[in-house]
């Protein structure tokens, strides 16, 4: 599972936290807040940015940072309030456009389509870019304005011909069960010429979504050979779907050798264990994954933990785990159905 947000990069500045109200100390609090944001320590970043606001240190920028942290914690209404406060404190067009992009995304995520549309219109007054047109396309889909959605998506790919943009549009159509419309953009993406391992990785994903596993594997192997490590994870996924657990396990083990990939590798190994009926082994790998996990890794590991206990026929533990999971991720519809199923056991 992964987050849907497509967000601009955040400036990271490394420094140690010094809790003092002097000028230098306040600057270091701001620097630490930025560092926590980049490292995805969102709760700490939110708290640090609030300290900056209280100390009247870079207030508009701190409101912006606080809003980004709140967005990533899926506290979208609070994020919108923070972005509105940021907009009131800084009138440079570049800053306004940046914050409006975040604000429009937060409004989209909490279902405020009219507000999101208004924010996008303000961005257009400053100067619309591909991200703005992409979001306008998503808004059009949600409002069942399909011609407008396509027009905006076409405007997005005129300004950004990256594989990622074509894939994002495909996934947006997929959320509306309009796969055929989305695959038309995937076909257009394959007309691009790959330049590096990242491009081969994206082409592998595209072939996968189009159901062409042989070409997907070919592209992903080339990406992996070029040093693009995430290709190993996707190859593992494809091998698992083809019931080739030995090859999948090899990919996840190889991925685990690199830096920072422990949680994802252990999750993949757990999936291999479950495919082979080794549920205790799966739980051991999930436990190792949770120890190494960063914030974005927890959801899939915790969900697979529920599944492993269910396969073990330990329904009591599975019920407890799904209850804990839904406390953290209440909007997960698959988990809601899983909880309802477990209540019958």
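The values are calculated or read from the model by the stated rules, or taken from the named source; none is laboratory data. In this text the structure is predicted, and so the values were computed from the model without any measurement. All Cβ positions, glycine included, derive from the backbone under ideal geometry; neighbour counts span all protein chains shown.
Just a few scattered comments:
- Test: residue 293 is modelled with pLDDT under 95, at negative phi, crowded, with 19+ Cβ neighbours inside 10 Å and out of contact with any strand residue (DSSP E or B) (no Cβ under 7 Å at 6 or more places or on another chain): yes
- Inclusion of residue 84 among residues that are surrounded by fewer than 18 Cβ atoms within 10 Å (Cβ to Cβ) and on the phi > 0 side of the Ramachandran plot is not warranted.
- For region 244-264, filtering for residues that are in contact (Cβ under 8 Å) with a residue 24 or more places away in the chain and surrounded by 15 or more Cβ atoms within 10 Å (Cβ to Cβ) leaves 7.
- Checking each residue in region 42-75 for being closer than 20 Å to residue 295 by Cα and either under 16 Å from the mean Cα position of the chain (by Cα) or not in a helix (DSSP H, G or I) (or both) picks out 42, 68, 69, 70, 71, 72, 73, 74, 75.
- Some residue of region 279-290 being in contact with a helix residue (DSSP H, G or I) (Cβ under 7 Å, 6 or more places away or on another chain), over 20 Å from residue 315 (Cα atoms) and exposed (fewer than 15 other Cβ atoms within 10 Å of the Cβ): no
A quick yes/no check of all residues on (1) at pLDDT below 95; (2) exposed (fewer than 14 other Cβ atoms within 10 Å of the Cβ):
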position: 4; (1), (2): yes, yes
position: 15; (1), (2): yes, no
position: 22; (1), (2): yes, yes
position: 28; (1), (2): yes, no
position: 31; (1), (2): yes, no
position: 41; (1), (2): yes, no
position: 46; (1), (2): no, no
position: 56; (1), (2): yes, yes
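- Each residue in region 132-144 was checked for being surrounded by fewer than 16 Cβ atoms within 10 Å (Cβ to Cβ) and without any contact (Cβ under 8 Å) to a residue 24 or more places away in the chain, and 1 pass.
- Residue within region 154-172 that is over 22 Å from residue 202 (Cα atoms) and in a helix (DSSP H, G or I) present: no
- Checked against the criterion of being modelled with pLDDT under 95, surrounded by fewer than 21 Cβ atoms within 10 Å (Cβ to Cβ) and within 17 Å of residue 164 (Cα to Cα), the candidates 230, 181 yield just one match: 230.
- Among the residues listed as 91, 81, the single one being modelled with pLDDT under 95 and closer than 17 Å to residue 64 by Cα: 91
- Filtered residues of region 161-178 (kept if within 20 Å of residue 228 (Cα to Cα) and loosely packed, with under 15 Cβ neighbours inside 10 Å): 164
- Every residue from region 99-131 that is assigned to a helix (DSSP H, G or I), surrounded by fewer than 22 Cβ atoms within 10 Å (Cβ to Cβ) and free of Cβ contacts under 8 Å to residues at least 60 places away in the same chain: 113, 114, 115, 117, 118, 121, 122, 124, 125, 126, 127, 130
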